[in-house]
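Asker: I have a structure I would like to understand better, so I am pasting it below and will then ask my questions one at a time.
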Amino acid sequence: MTMPSPLRTLAGNWLAGAFLLLAAGIGALWYSALSAYEAAVLRERGRELQATAELKIEFIRFWLEERRSDALVQSNRPLLAIAATGMDAGAWPYGPEALPNQLEQIRKEYGYEAVLLLDRQGNRRFGAGKIGEDALAAAAKAARAAMETGQTAISRAYHSEAGQQQHIDIDIATPVADGRRPDAPIVGALVFHLDPKTHLDPFLRRWPAPSESGETFLVERTNGELTYLSSLRHADAEKLKRHAGESSLPAAMAARGGHGITEGIDYRGVPVLAAVGQVPDMPWFVVSKLDREEILAPVRREALWSGTLASLLVMALGLAMLAWHRRGQSELALTQQESTKAALAASETRLRKLIDNAWDLLVLFDRGMRIVYASPSVEHQLGRSLFGETIASGTALVHPEDVGRVEDARKEALAHPGTPRHFEHRLRGRYDHWMIVEASFTNFFDDPDIAALSYVGRDVSGRRWAEHALRESEERYRFLFKLSPDAVFVHWNNVVLYTNDAAVRLFRAESERDLVGRDWHGLVAPEDWPKAEQRGARLAGGGEIFLQPAEMHYRALDGEVIEVEAAAARIEVDGKPAIMSVVRDISERKRAEAALRASEARLQAIIEHAPLGIAIVDAKGRYVMVNPAQCQMLGYSEAELLGRSFRDFTQSEDADQNEKMALEMLEGRLDHFTLEKRYLRKDGQQIWVVLSVGAVRDDEGQLRYFVGLLQDTTERKRMAQSLIESEARYRFLFESSPLPMWVFDTDTLAFLEVNQTAIDQYGYAREEFLAMTVRDIRPPEEVAELEQVVKADVRKQGRIWTHRRKDGSLIKAAIWFQDVDFLDRPARMILAENVTARVEAEQALAESEARLRAIFDSAPVGIAIADAAGRYLMVNRAQCEMLGYSEAELLQQTYADITHPDDVQANLDLGARLQGGEISVGSIEKRYVRKDGTSFWVLLTIGLVRTAEGDVVGSVGVAQDITERREAEARRLEYARQQRDTLVREVHHRIKNHLQGLAGLLRQHMHEQPGLAPVLQKFAAQINAISIVHGLQGRAEKGDASLRSLAAEIVAFLGSITGTQIGLACPGGGCLWAVAEAEAVPLALILNELLTNALRHGTDKTRVSLSIECDESRARLVIRNPGRLDGLDFAGGKGLGTGLSLIRSLLPPAGVAFRLENAEDGWIETRLELGPPVLLPIPQVQVVSLR
């Protein structure tokens, strides 16, 4: 009878307290994890905001520098100094409207509200655009500041009225100097009045990703108040008034000198996360912010479902504990009731057991000759109980010849109550055999306690058949001898007397005659003769009659040596002594065991020689196993690492992240993670590693331990630190113990815990195991001995027991144990090794290979083992999926077959360094080619597998797909290149504008001063050629200018200033060449000078032509004009004018061929052949400039 567990009888208050404590723990754990998640999200979004703010600050700094440069360039116009000194407009060189037109042109081109010229006293002289009186006073103040310092000044922001609206404006003032006078005194100031929102809003409003609250704005601190210089997303910047002393306002924090990431309340009163910073050399501050609610919205959703799940878990736990308590109370009451009934039935049970366990047949008949009782031995011996049947059923089991004798005895017994009537008869048994039974009938109808006719019978078949069995014994022995699957032969005095058929097969004989009479030594290998003779002597001397099996080497008749297991016994044959040997061929078993050992050695070699650090860590973070690579990586011995926590070797900055992920894994929210972190070696050095951690859990999901794989990435981190900081790759997982283990209660023998291997090998589910005792996995004949051994003080380790699986099959298991305390009760931990492999070695070999395959297939990265020639021996599932091949297909290839052709040599070089001992483990970034022909990038880490003598027998490679990482890096570089190109195009555009303005001034001077026209025309053409280059480079994706566009614009400009149409022959789409950025300006000056000379020195300038011919290797430019050359040596530099001398000095050293000669038709022909590196191919897709 099973008593209820004491735990179920505990008081309800205790259970309620335990439930509340557990619920509080779950709640605290949930809150802690949620807080850590919120902090991580805020840090990540904070870094994004910081990057956005820094980008905006850099743009504003560049914009200010550009405005200062523009102001400085514009202030150098000579007409400004003339106008500022008060000269009458009628006396100006270019007329009274020249200066207002120039100021209006500047205002429109740069988008200013107004452009003002003020004299030395700050009075307005001239201007363009509208400006109010208050704004004019502010502009005069800025102008006086610029004139006092002699530097360009940018005013503080101020409010101005424009119609019915109020604006926030700033002024840029630069001094104007009179360059006509020797000391160039400052005679006035040029002021640019502008609305900063117009210029800065388009960029500041851009946000990296869709957001409902994200915005960036610019503020300035003025007399303790904040002035918003850019538009706001949720308010009117002009009307918004906030104080710089507000403690929680991010804009106020920035104005007080704050920098970096901060939290606060924005101008709407909404909690935000913001990044603030100051524009260099300006009292301007940039604020990039996001609503905290928007940032934490994903966290809130995660918190909702996880909190709901935790609440449901607590409720389910509470209901389970309540049900448990009530069941305990019910079981206690039932137990008390059952104990009373058990005491009353104890007496009857003892009597019934005596009858039930008797071997005699006992049957009681009522007066109707119906059976009212049959003892268990009736069912055991006859095959059915007969209870409730009539006497006819019993008579049917009696031998027909004995029915009359039985009926006579029954009638005699009925006629003589109380007197037994004995007789003997044959009775059909349960196996349809006839038993010889001694029986008796006794009439007890007069006895009120019995009131029945009793039949008592005893099986005496054994006595009757003993003599017959003795006669058949010898015949059975001969039968078994002949048909035994093991070889049996009888010999004496070294001569074989008898053999069986198995011996004939074992020794490769034709028949028994080949063995009988043969000297016994001829069947034993010579090296085992001493051993065989010693065993024979032990039997022949009479000291022993049986020898245990021993492994020996026998020799077949064809000379083949056979490994056998031989047992021997001393017997008598026809009254004479002899020795019987029983021999079993174990050659196949030996080969299977050797293969098993080789497989286990390969698995051990993988761990010992793996190029990655492998460690097993318990739930408290302590190392319980490390491989040599881990020890070498950290500089500690294995003994120094075991038992210590991973925190002891982790850089303090990385410990929090590591512990956070470990906690999430411990809580079951993660199954694995990959982390890039730093370790501290024993010698104090810091190393970077990629740590991949997997969880090994029991069936209930509880963490048993962590399995970590470490790859040393210090060298790669040193070479590309910025890239590695963004990486976190998930790496390797490992498997649990390959041997069954369990823990059982030494008092009740109940299972307390089992591992997954035990579940797999024995076939029971975990729940089934925990409901059983260790008796249930033992055959009945071993249970009594098991109970004695459990209680014994001295126990043998490694003892082999017979275990029974769920399917009923039996296995042999070697048992190692250790007494432990488990859940406050005495228990014993068992390690069981299945040693059935000695007779079923082939099955054990297959299981070992399966375990190895499981380790490979569970890894998240590709793992492959190759032989010394590079041919794959083993590949895991991840490797097959990565390459698109099946395992069978990969095993037919070498690493070179799947490596990109461009990377094969690098792979060979790394292998040579490993073979030469220069490095023990090597890594390389290379490309693999999939089965479908596509290629992808991997980080391949290789280590060699060597023998004890140092010979290389193969290699182990671990491949991690890094295609995504490389693509991300390529995108980052492409984004940086686009940003650089945008800036370069902007600079080219500005330079072009300034050069075109200068060329326009020169053209104006040409019309006003015809005497200087030739000189001014030459300079204007050269300046325009340079501006054309910058204009083309500003529109191109890179800084390269199209050759066709460059020639067309120079021809058009020269035609416009000379009034001559220059013929241009150029294929519309067939000349896809661009001029390299470094050579664009020199080539533009050369073309300009050649065309100018052709127009100036030719006999007919209306017939000047330029043709361009292009092919795949170069471009040819041919300039033709009527005329003739005399006394000119271009190569020697003789007879050259100023123009040709300039051309000779500007020609690039490579990629150019120049020839100037008289053609046969009376024309001068100039040929200019261009090729790389002066020319570069133009991409098919043209990118239009953002400007």
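Rule-based calculations on the coordinates, nothing more; no lab input. Being a predicted model, the structure only gives us computed values, none of them experimental. Counting neighbours? That spans all protein chains shown, and the Cβs are built from the backbone with ideal geometry, glycine included.
Asker: What translational diffusion coefficient, in µm²/s and rounded to a whole number, does the Stokes-Einstein relation yield for region 258-307 at 25 °C and a viscosity of 0.890 mPa s, taking the hydrodynamic radius as the Kirkwood radius over Cα pairs?
Answerer: Estimated via Stokes-Einstein, D reaches 196 µm²/s.
Asker: How are the C-alpha pair distances of the chain spread across 20 Å bins, as whole percents from the shortest bin up?
Answerer: All Cα pairs considered, the percentages come to 8, 19, 24, 20, 12, 9, 6, 2, 0.
Asker: Oh, and also: Counting only residues 5 or more places away or on other chains, whose amide H sits under 5 Å from the amide H of F126 once H atoms are built in the peptide plane?
Answerer: Sorted by chain and number, the residues that satisfy this are L117.
Asker: Further, regarding this structure: So what are the ³J(HN,Hα) numbers for region 41-53, from phi and the Karplus equation (6.51, -1.76, 1.60; θ = phi - 60°), rounded to whole Hz, Gly and Pro as x?
Answerer: Values, residue by residue: 5, 5, 5, 5, 5, x, 5, 5, 5, 4, 5, 5, 4 Hz.
Asker: Can you list the HN-Hα couplings for region 504-519, worked out from phi with the Karplus curve (6.51, -1.76, 1.60; θ = phi - 60°), rounded to whole Hz and with x for Gly and Pro?
Answerer: So the Karplus estimates, Gly and Pro as x, are 4, 5, 4, 8, 6, 8, 7, 7, 4, 4, 6, 10, 5, x, 6, 5 Hz.
Asker: More than 15 angstrom separation, counting every C-alpha pair in region 499-560; what % is that?
Answerer: Above the 15 Å cut-off, region 499-560 has 57 percent of its Cα pairs.
Asker: Expressed in nm to one decimal, what extension gain is obtained for the pair H243 and R927 from 0.36 nm per residue of sequence separation less their Cα-Cα distance?
Answerer: Values: separation 684, 0.36 × 684 = 246.24 nm, distance 5.97 nm.
In short, 240.3 nm is gained.
Asker: What net charge do the residues around H433 carry, taking every other residue with its C-beta under 14 Å from that of H433, with Lys and Arg at +1 and Asp and Glu at -1?
Answerer: Once positives and negatives cancel, what remains is +2.
Asker: Next question, about the same structure. Using a simple spin-label model with points 7 Å from Cα along the Cα→Cβ vector, what separation in nm is obtained for F546 and K791?
Answerer: 2.9
Asker: Still on this model: Using Cβ contacts closer than 10 Å as the measure, can you line up D932, D1111 from fewest to most?
Answerer: Taking fewest neighbouring Cβ atoms as first place, the list is D932, D1111.
Asker: Additional query: Restricting attention to the chain, give the cysteines that have no other cysteine Cβ less than 4.7 angstrom from their Cβ.
Answerer: When partners are defined as cysteine Cβ atoms under 4.7 Å apart, the chain leaves C631, C880, C1066 without one.
Asker: Taking a spot 7 Å from the Cα of S484 along the direction of its beta carbon, which residues of region 573-590 have an amide N less than 14 Å from it?
Answerer: Answer for region 573-590: 573, 578-585.
Asker: Compute the distance from the alpha-carbon center of region 1068-1122 to that of region 499-549, in whole Å.
Answerer: A separation of 109 Å, based on Cα centres.
Asker: When the label point is put 7 Å from the Cα of Q121 along its Cα-to-beta-carbon vector, which residues of region 62-88 have a backbone N closer than 20 Å?
Answerer: Only 81-88 pass the distance filter.
Asker: List the lysines whose Cα sits under 26 Å from the Cα of K531, skipping any in the same chain fewer than 8 residues away.
Answerer: Once the sequence-local lysines are set aside, what remains near K531 is K576, K590.
Asker: Can you tell me the orientation of helix 1013-1035 relative to the chain, as the angle in degrees between its alpha-carbon axis and the longest Cα principal axis, to the nearest 10?
Answerer: 20
Asker: Pairwise over distinct Cα atoms, reciprocal of the mean inverse distance: report the Kirkwood radius of region 860-961 in Å, one decimal place.
Answerer: Over region 860-961, the inverse of the mean reciprocal pair distance is 13.6 Å.
Asker: Please report, in debye to the nearest 20, how large the charge dipole of the chain is about its Cα centre when each Lys and Arg carries +1 at its beta carbon and each Asp and Glu carries -1 there. Kindly include the intermediate steps, with their values, before the conclusion.
Answerer: Numbers: 140 positive and 165 negative charges, 602 e Å.
Result for the chain is approximately 2900 debye, rounded to the nearest 20.
Asker: What is the sum of charges around L249, taking Lys and Arg as +1, Asp and Glu as -1, for the other residues whose C-beta is under 13 Å from the C-beta of L249?
Answerer: Summing Lys and Arg as +1 and Asp and Glu as -1 gives +2.
Asker: Going by alpha carbons, how many degrees (0 to 90, nearest 10) lie between the helix axis of 841-858 and the longest principal axis of the chain?
Answerer: In the chain, helix 841-858 runs at an angle near 20 degrees to the longest axis.
Asker: Still on this structure: Amide H to amide H under 5 Å from V524: which residues, 5+ apart in sequence or cross-chain, H placed 1.01 Å off N in plane?
Answerer: Amide H neighbours of V524: R555.
Asker: Could you list which residues have their amide H under 5 Å from that of Y705, counting only those 5 or more apart in sequence or on another chain, with H placed in the peptide plane?
Answerer: For Y705, whose amide H was placed from the backbone, the distant partners under 5 Å are V696.
Asker: Between D236 and F62, what is the label-to-label distance in nm when each label sits 7 Å out along the Cα-to-Cβ direction?
Answerer: Going from the D236 label point to the F62 one covers 3.5 nm.
Asker: Pairing the Cα long axis of helix 529-540 with the longest principal axis of the chain, what angle in degrees results, from 0 to 90 and rounded to the nearest 10?
Answerer: With rounding to tens, the tilt is 30 degrees.
Asker: Using r as the Cβ-Cβ distance of D760 and L29, and R0 as 25 Å, what FRET efficiency do you calculate, to the nearest 0.05?
Answerer: 0.20
Asker: For the pair W1163 and H433, how long in nm is the line joining their label points, each one 7 Å along Cα→Cβ?
Answerer: Between W1163 and H433, the simple spin-label model gives 12.9 nm.
Asker: Additional query: Taking chymotrypsin sites (Phe, Trp or Tyr not before Pro) as candidate sites, keep only those in a DSSP loop with at most 11 other Cβ atoms within 10 Å, then name the longest stretch of the chain containing none of them.
Answerer: 432-1187
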